[in-house]
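Here's the structure we're looking at; comments come further down.
The values are calculated or read from the model by the stated rules, or taken from the named source; none is laboratory data. These figures come from a predicted structure and were not determined experimentally. Cβ coordinates were reconstructed from backbone atoms using ideal geometry, including for glycine residues, and neighbour counts include every protein chain displayed.
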Amino acid sequence: MRQILPVCALLLAGAVSACASVDNGLLSLVPANAQLIVGIDVQKTRDSQFGQYMLSKSQAGDAHFQEFIDRTGFDPRRDLQNLMIVSMGNNSGTKGPGSFAVLARGVFDPSKILAVASAKDGVTETYNGVSMTVYEKKKDAVAVAFPQVGVAVMADLTTMQQILMNLSTPTSFSPDLTARINAIGGANDAWFVSTTGPSGWKHVIPDAGAGPMQGQAQALNAIRSASGGMKSGATVDISFDATARSAEDATSLADVFRFMASAVQMQRQQNAQAAVVAAAMDNMILTTSGSNVHIAFSIPEKSLEQLAESKPARH
């Protein structure tokens with residue numbers, strides 16, 4: 001049960017650090033076989049109360065970070081506007097991250113950034129008329145390119161080639177997936193959409209094995225697709241929706257979430273982290289409809305600051 005609290009804390013922290021609406025320009029470059037799409041509106045993050053708090057805590061005197069800014073002319077705290085993180089999954093059976101892409105919109109100086117990338121054993125190549133810097137690490141080639149003014153992309157080489165082809169033929173997702181992206185992205189400052197469940201995330205989420213969480217992990221494997229969103233403000237609203245294999249699986253999944261919430265609430269007297277997360281769980285809405293599960297809860301922005309200030313428990 002002690003493993004549950006850090007997981008919930010990470011979910012909360014991850015949600016508030018990735019705030020976004022839909023950037024259709026970046027979305028049009030995403031490969032059609034994407035299994036997970038996360039949108040990040042960095043401008044909204046900076047303007048939010050929590051964003052301003054995080055900026056005030058940033059290590060402005062970090063020498064390495066300042067060196068990066070000086071060499072590239074790029075300060076993410078100022079120049080980054082939108083971010084999209086994409087995963088196509090890992091079908092190779094290896095332990096690596098699989099096919100991925102990070103697409104960013106902002107103010108970039110491509111010549112400076114590519115010069116820094118080339119200095120790290122990068123090789124300049126051209127694909128579909130776009131110059132890119134390619135470098136290999138443990139036989140996994142990664143490329144960096146600036147396919148449009150104000151757009152930067154980092155991806156594995158195969159995915160980069162797909163993205164550069166999409167410049168002339170923008171990606172067209174299924175009507176259902178497009179509707180889901182527009183609904184969750186349009187209503188929230190942060191969003192993600194996944195076309196798979198945890199069974200397709202084994203390169204990201206380790207197997208529970210025969211440990212005490214095995215039963216809960218098996219219930220989570222019933223998820224077939226999921227989405228979630230976050231809307232920032234004085235109170236941060238967070239939602240999560242999942243579609244399971246059946247109505248029975250949806251009921252079991254809801255029971256797992258109730259168990260996790262109650263386990264956190266039982267620890268609220270033991271440490272500050274538990275108290276903050278448990279307070280959010282107190283107002284949690286959890287419903288099922290057929291094979292669908294919906295979860296929503298809110299947490300005051302000041303409580304998020306408290307959570308960020310508290311040190312993780314040693315376990």
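Do any residues in region 292-315 that are within 30 Å of S246 (Cβ to Cβ) and surrounded by fewer than 17 Cβ atoms within 10 Å (Cβ to Cβ) have Cβ atoms under 9 Å from those of residues that are at pLDDT 90 or above and among the hydroxyl-bearing types (S, T, Y), where the two are at least six apart or on different chains, and which pairs are they?
Taking only residues 6 or more apart or on different chains, the pairs are N292/T243; H294/S239; H294/T287; H294/T288; A296/S239; A296/T287.
Here are some conditions: (1) under 20 Å from S99 (Cα atoms); (2) modelled with pLDDT of 90 or more; (3) buried (at least 18 other Cβ atoms within 10 Å of the Cβ). R180 meets all but one. Which one does it not meet?
Just one mismatch for R180, condition (1).
Go through region 277-301 and give me each residue that's more than 21 Å from the chain's Cα centre (by Cα) and not hydrophobic (A, V, I, L, M, F, W, C).
D282, N283, T287, T288, S289, G290, S291, N292, P300
If you check every pair at least six apart or on different chains, which have Cβ atoms under 8 Å apart with a residue in region 109-137 that is assigned by TED's automatic domain parsing to the domain that holds L157 and hydrophobic (A, V, I, L, M, F, W, C) first and a residue that is modelled with pLDDT under 85 and part of a strand (DSSP E or B) second?
Cβ pairs passing all conditions: A117/Y135; V123/Y135.
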